[in-house]
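**Q** What follows is a structure written as C-alpha cells; I'll ask about it next.
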Amino acid sequence: MSDAHDEHESSIKTPKQLIVAVLAGFIVPILIIVLLVKFVSSNNTVGAGSNSQTPEAIAARISPVANEGFTFVDATGPKVLQTGEAVYKAACAACHGSGAAGAPKFGDAGAWGPRIAQGYDTVVKHAIEGLRAMPAKGGNPDLDNIEVARAVVHMANAGGAKFKEPEVKASASASAEASAK
C-alpha cells in the first residue's frame, strides 16, 4: 500500500516550490510572446556601406519589369524600316540558319546558286508571297516589302550574289507613313 501512495505524490513538496512553479508557468510564456513580437516587429538593418536603401535603388526595385530592355514604338509615328540583317535575325534565321524545311542556309553558295540565277525580282517575289514551305514574308506579315527585299539581298549576297540593296522610294515611305496613321 505504501507503493501506491508514492505514485500520487507531487514533485512539489514545499510552498516555495509551488510559488516558483506558478511564476514559471506565467512568466515563461509571456517572455516567449514578448520575444516573438520583438523579432517580428524589428526592422531589418542594412550593413555598413550598403546602398540598398537609397532612393535610386528603391526605384530600380519597384520599377515595372517591362521598362528593362524593351523599346516602345509610337504606333502613330512613321514606320522605321529595318535593315536586311535585322529582318534576317528576327524572321529568317530560324529556317535559313539551320536549313530547315529545305531552306538554303545562310552563306551556302551552292544552295543559293539556283535561286540567284532566277534573278533578283523572282527571289524577292517568292520571299514576299511565299514559296513551298516558306510562308509569305517569312511568317511576319508586319514586314514591309522593302524590308523583305533587304533581307533577301542580305542572304543572297552572303551566298554569292551581287544584288544591290533596294532603295526606299518617296512614295513607299509616304505609304508607310500613311499606313502607320
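**Q** Taking segment 124-135 as the search range and keeping residues that are more than 27 Å from the chain's Cα centre (by Cα) and without any contact (Cβ under 8 Å) to a residue 12 or more places away in the chain, which one is least open to solvent (accessible area, probe 1.4 Å)?
**A** Per the stated criteria, the residue is Gly130.
**Q** Name the residues in segment 43-72 that are assigned to a helix (DSSP H, G or I), at pLDDT 75 or above and among the β-branched types (Val, Ile, Thr), would you?
**A** Filtering segment 43-72 down to residues assigned to a helix (DSSP H, G or I) leaves 55-62, 65-67.
From what is left, the residues that are at pLDDT 75 or above are 55-62.
If the condition is that a residue be assigned to a helix (DSSP H, G or I), at pLDDT 75 or above and among the β-branched types (Val, Ile, Thr), then Ile58, Ile62 are the ones that fit.
**Q** Which one is most open to solvent (accessible area, probe 1.4 Å), of the residues in segment 79-105 that are part of a loop (DSSP other than H, G, I, E, B) and farther than 18 Å from Arg132 by Cα?
**A** Val80
**Q** Here's a follow-up. Quick check: anything in segment 34-42 over 41 Å from the mean Cα position of the chain (by Cα), open to solvent by less than 100 Å² (accessible area, probe 1.4 Å), of a type outside the set (Asp, Glu) and modelled with pLDDT of 85 or more?
**A** Taking segment 34-42 and keeping what is over 41 Å from the mean Cα position of the chain (by Cα), we get 34-35.
Then keep just the ones that are open to solvent by less than 100 Å² (accessible area, probe 1.4 Å); that gives 34.
Retained after the next criterion (residues that are of a type outside the set (Asp, Glu)): 34.
Next, from what is left, pick out any that are modelled with pLDDT of 85 or more: 34.
Yes, the conditions are met somewhere in segment 34-42.
**Q** Of (1) part of a helix (DSSP H, G or I); (2) exposed (fewer than 13 other Cβ atoms within 10 Å of the Cβ), Ala75 satisfies all except one. Which?
**A** Answer for Ala75: the failing condition is (1).
**Q** Which of the residues spanning segment 117-153 are outside any helix (DSSP H, G or I) and under 21 Å from Lys164 (Cβ atoms)? Please lay out each step first, then the result.
**A** Residues of segment 117-153 outside any helix (DSSP H, G or I): 118-119, 130-135, 140-144.
Passing the criteria: Gln118, Gly119, Leu143, Asp144.
**Q** If you check Ala151 against the conditions, is it surrounded by 11 or more Cβ atoms within 10 Å (Cβ to Cβ), at pLDDT below 85 and not acidic (Asp, Glu)? Before you say what the answer is, go through the steps one by one.
**A** Details: surrounded by 11 or more Cβ atoms within 10 Å (Cβ to Cβ): yes; at pLDDT below 85: no; not acidic (Asp, Glu): yes.
Considered against the rule, which asks whether it is surrounded by 11 or more Cβ atoms within 10 Å (Cβ to Cβ), at pLDDT below 85 and not acidic (Asp, Glu), Ala151 comes out as no.
**Q** Any residue at all in segment 110-123 that's open to solvent by 40 Å² or more (accessible area, probe 1.4 Å), within 29 Å of the chain's Cα centre (by Cα) and hydroxyl-bearing (Ser, Thr, Tyr)? Before the answer, list the steps.
**A** Step one: filter segment 110-123 for residues open to solvent by 40 Å² or more (accessible area, probe 1.4 Å), giving 110, 114-115, 117-118, 120-122.
So of that shortlist, the ones also within 29 Å of the chain's Cα centre (by Cα) come out as none.
No, the conditions are met nowhere in segment 110-123.
**Q** Among the candidates Gly160, Gly138, which residue alone is under 31 Å from the mean Cα position of the chain (by Cα), under 21 Å from Ser98 (Cβ atoms) and either of a type outside the set (S, T, N, Q) or open to solvent by 20 Å² or more (accessible area, probe 1.4 Å) (or both)? Talk me through it step by step, then tell me what you get.
**A** Details: Gly160 fails: under 31 Å from the mean Cα position of the chain (by Cα).
Exactly one of Gly160, Gly138 is under 31 Å from the mean Cα position of the chain (by Cα), under 21 Å from Ser98 (Cβ atoms) and either of a type outside the set (S, T, N, Q) or open to solvent by 20 Å² or more (accessible area, probe 1.4 Å) (or both), namely Gly138.
The values are calculated or read from the model by the stated rules, or taken from the named source; none is laboratory data. All of these numbers come straight from a predicted model, not from anything done at the bench. Here Cβ is always computed from backbone atoms with ideal geometry, including for glycine, and neighbour counts include all displayed protein chains. Just so you know, the surface numbers come from the protein's heavy atoms only, side chains and all, with ligands and any DNA or RNA stripped out. Shrake-Rupley method; radii C 1.70, N 1.55, O 1.52, S 1.80 Å.
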